[in-house]
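Working notes, beginning with the structure itself.
Each value in this text was obtained by applying a stated rule to the coordinates, not by laboratory testing. Everything quoted here is computed from the prediction, not taken from an experiment. A quick note on method: Cβ atoms are made from the backbone with ideal geometry, for glycine too, and the neighbour counts reach across all protein chains shown.
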Amino acid sequence: SVSGSPGCASCGLPAMEKDEEQRLMIEIAKQQLLDKLHLKERPNITQTVPRAALLTALRKLHSGRVRQDGTLELDNSLPTKDQGYEIVSFADINETENGDEASLSLTFQFLQEHGQSIQVLQSSLWIYARSSEDPHRDSRLSARVYLTADGGDSDSNRTLVIEKMLEVQESNWHTFPITRTLQAFLDGGKHRLRLEVSCDEDGKNLCSLEGSAHTSYQPFLVAQVRLRDNPSKHSLRKR
Amino acid sequence: SLRCGDDVTVCCKRDFYIKFKDIQWHDWIIAPEGYHMNYCMGQCPQHLSGSPGIASSFHATVFSQLKVNGINTAASSCCVPTERRPLSMVYFNSQHSIVKTDVPDMIVESCGCT
């Protein structure tokens with residue numbers, strides 16, 4: 001109150017009851033957070049990701065620590081100068097047969113707002129490969145990741161993205177860099193990214209989830225992205 | 001920088017913390033547990049203008065010059081944030097992907113008079 005008149009001197013709001021003021025502040029906080037996260041409304045979480053898978057992905061993504069007040073301290077933190085994002089996306093999974101190769105078909109959903117252009121700084125696919133059951137076999141196995149065009153399983157719709165030799169003496173996680181693939185996908189404005197992963201050992205796919213006792217081995221995609229400046233927007237530089 | 005008590009007179013920082021669980025947002029926000037939406041409030045009488053404020057800003061420099069020359073200005077000094085830090089968030093978006101971002105300048109650490 002200024003010189004005895006109750007309420008806000010500058011904005012003219014009348015004095016409020018404590019509870020009313022509290023409610024208003026919470027609404028302002030909610031709106032501010034949604035605005036900063038470029039969300040129109042709070043996301044509705046209809047299907048929960050298995051907690052084990054979530055923890056595994058977060059552990060892989062965040063090698064950093066959580067401070068007392070909840071902020072995450074990251075070793076590879078994005079420069080706070082421009083707002084960037086790190087995304088972990090879990091796939092919808094199908095086991096498919098392609099010729100004589102058993103492979104894992106993964107579908108990731110992405111939704112981009114119109115006019116928004118995203119730059120992929122880095123992206124990788126995390127796949128858990130079981131160990132080979134044949135002790136006499138060479139401990140290295142060729143793993144291939146294909147990009148599948150929408151609506152087709154035949155070979156003609158598959159493009160090899162990366163091929164890599166995996167150590168399969170022990171079951172373990174493996175990463176496959178797909179930065180350029182994801183960039184091309186997002187630039188194309190599509191929504192569903194379909195990848196096929198084949199780690200074929202005599203017709204058996206060591207990268208499939210079949211037989212893995214634990215859902216924490218669910219494959220996931222990690223991406224570090226930032227909103228690309230809109231070239232049409234006129235930007236001023238202050239000197 | 002002062003921290004506001006119950007009676008607010010001079011420019012200070014009011015702590016304001018929202019727990020996401022209390023507003024049923026903890027299902028989609030994984031971390032942190034809440035948001036420190038601190039804000040600045042209180043008066044900036046003339047003798048406080050510029051302390052500890054945004055001394056480096058053009059605005060404050062002009063004020064200092066006017067004061068030094070004894071020119072009484074009608075303009076008032078405002079209580080504003082002088083230090084802010086980012087808020088790191090990890091949350092689910094509507095496609096059930098997990099997103100981690102550092103939102104700059106979200107948490108007010110201290111306040112001062114311009």
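Rounded to the nearest whole Hz, the Karplus-based 3J(HN,Hα) values (6.51 cos²θ - 1.76 cosθ + 1.60, θ = phi - 60°) of the stretch A:161-166 follow the sequence 8, 7, 10, 8, 8, 9, with x at glycine and proline.
Shielding value for A:39-45 is 6, the average number of Cβ atoms from other chains within 10 Å of each residue's Cβ.
Each other residue within a Cβ distance under 13 Å of A:Asp138 adds +1 if Lys or Arg and -1 if Asp or Glu, for a net charge of -2.
Summarising the amide proton neighbourhood of A:Ile162: residues at separation of 5 or more, or on other chains, whose placed amide H is nearer than 5 Å comprise A:Val145. Gain on full extension, evaluated as 0.36 nm per residue between A:Leu13 and A:Lys190 minus their Cα-Cα distance, stands at 59.0 nm. Mean partner shielding of peptide B:23-36, defined as the number of other chain Cβ atoms within 10 Å of each residue Cβ, is 4. Within the set of other residues whose C-beta is less than 12 Å from the C-beta of A:Leu58, count the net charge using Lys and Arg as +1 and Asp and Glu as -1. After counting each charged neighbour, the total is +3. The simple Förster model, with R0 at 56 Å and r as the Cβ-Cβ distance, assigns A:Arg228 and A:Glu20 a FRET efficiency of 0.85. Under a 5 Å amide H cut-off, with hydrogens placed 1.01 Å from N, A:Ile87 pairs with A:Ala223, A:Gln224, A:Val225, B:Lys100 among residues at least 5 apart or on other chains.
Our coupling estimate for the stretch B:2-8, obtained by passing each phi through the Karplus curve with A = 6.51, B = -1.76, C = 1.60 and θ = phi - 60°, is 9, 9, 5, x, 6, 8, 9 Hz, Gly and Pro reported as x. Under 5 Å from the amide H of A:Ser117 lie the amide H atoms of A:Arg228, each residue being 5 or more positions distant or on a separate chain, with H modelled from the backbone and absent for Pro and chain starts.
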